[in-house]
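One structure is given here, and the rest of the page talks about it.
The values are calculated or read from the model by the stated rules, or taken from the named source; none is laboratory data. Treat the numbers as computed from the prediction; the structure is a model and nothing was measured. As a convention, Cβ positions derive from the backbone with ideal geometry for all residues, glycine included, and neighbour counts pool all protein chains shown.
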Amino acid sequence: MPRIFLRITSFCDASGEIQGAWRHLSHEFQIAPEMYLKTIYNLESKNGAARTGDIANILGITPGSVTNTLEVLESKGLVAREPYKGVKLTSEGLKLALSVFRRHRLAEKLLTDVLKLDWTDSHEEACKLEHVISDRLAKSIEQALGEPKTCPHGNPIPSETGSIPPSKDRPLSELGDGETAIVSRIPDPNTELLRYLAGLGMFPGVKIEIEEKAPFKGPMLVKVGSNSYPLSLDVASGIYVTKE
């Protein structure tokens with residue numbers, strides 16, 4: 001499968017010259033194009049498309065730099081723009097994004113199961129490893145781990161062909177008072193969220209109960225084991241569960 005290299009300066013023409021769109025970018029824009037594809041995938045899955053401002057907020061960069069990057073990704077046939085909506089991945093962009101997720105999630109599984117890192121540290125380190133693990137190495141890791149189906153955060157590991165089984169889970173924020181469920185996955189993990197959920201004991205496979213859901217988009221009171229914790233709808237929407 002084609003690969004996008006680590007830094008944006010990897011977008012070169014046949015003569016090896018950096019594309020003009022990149023020539024005047026400062027160091028803060030030296031972000032792997034693969035990170036853009038992952039971010040667009042997550043936003044598209046949640047909102048139907050990825051807006052420039054949302055991409056900038058997640059990656060911690062300016063909207064202007066995102067616009068420049070999207071122009072190059074579009075020229076490479078990896079994203080398509082929809083006026084007034086945002087951008088979506090093309091079929092080729094989707095293949096590359098799923099390839100990145102495959103390497104990332106296999107790396108996480110290796111780090112937690114073999115090296116015994118916790119799920120917060122494994123995510124941070126996998127963000128670095130995903131750009132340098134080859135498809136061949138990914139396959140070897142997969143076989144060595146017994147072909148796992150999910151990462152430590154419950155997310156499915158794409159196959160070599162980029163397929164992912166359909167999911168029947170839904171956001172915790174959609175549950176109502178008195179409903180119980182099992183945490184299935186954290187679809188868009190970040191360091192702060194993972195550390196917070198770990199402190200609450202909310203891992204995939206853990207049973208939870210909605211004790212109270214405040215009206216007007218108020219917080220939810222969620223019981224985990226013998227303890228109850230208030231969760232904002234923003235946090236709850238980033239936790240996916242399956243009904244018992």
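Couple of notes before you dig in:
- Residue in region 100-114 that is under 19 Å from residue 163 (Cα atoms), modelled with pLDDT of 95 or more, part of a loop (DSSP other than H, G, I, E, B) and in contact with a strand residue (DSSP E or B) (Cβ under 8 Å, 6 or more places away or on another chain) present: no
- Selection count, region 165-174, where residues are of a type in the set (Lys, Arg) and in a strand (DSSP E or B): 1
- Residue that is surrounded by the fewest Cβ atoms within 10 Å (Cβ to Cβ) [pool: residues in region 89-98 that are within 10 Å of residue 38 (Cα to Cα) and either among the acidic types (Asp, Glu) or touching a residue at least 60 places away in the same chain (Cβ under 8 Å) (or both)]: 94
- Looking only at region 202-216, residues that are small (Gly, Ala, Ser) and modelled with pLDDT of 95 or more come to 1 in all.
- Selected residue [assigned by TED's automatic domain parsing to the domain that holds residue 220, within 18 Å of residue 106 (Cα to Cα) and in a loop (DSSP other than H, G, I, E, B)] from 188, 177: 188
- Residue check for residue 111: among the aliphatic types (A, V, I, L, M), outside the structural domain of residue 197 (by TED's automatic domain parsing), farther than 22 Å from residue 59 by Cα and crowded, with 18+ Cβ neighbours inside 10 Å: yes
- In region 206-215, the condition of being in contact with a Phe, Trp or Tyr (Cβ under 8 Å, 6 or more places away or on another chain) and surrounded by 15 or more Cβ atoms within 10 Å (Cβ to Cβ) is met by no residue.
- Test: residue in region 40-52 that is of a type in the set (Phe, Trp, Tyr), part of a helix (DSSP H, G or I), touching a residue at least 24 places away in the same chain (Cβ under 8 Å) and touching a Ser or Thr at 6+ places or on another chain (Cβ under 7 Å): no
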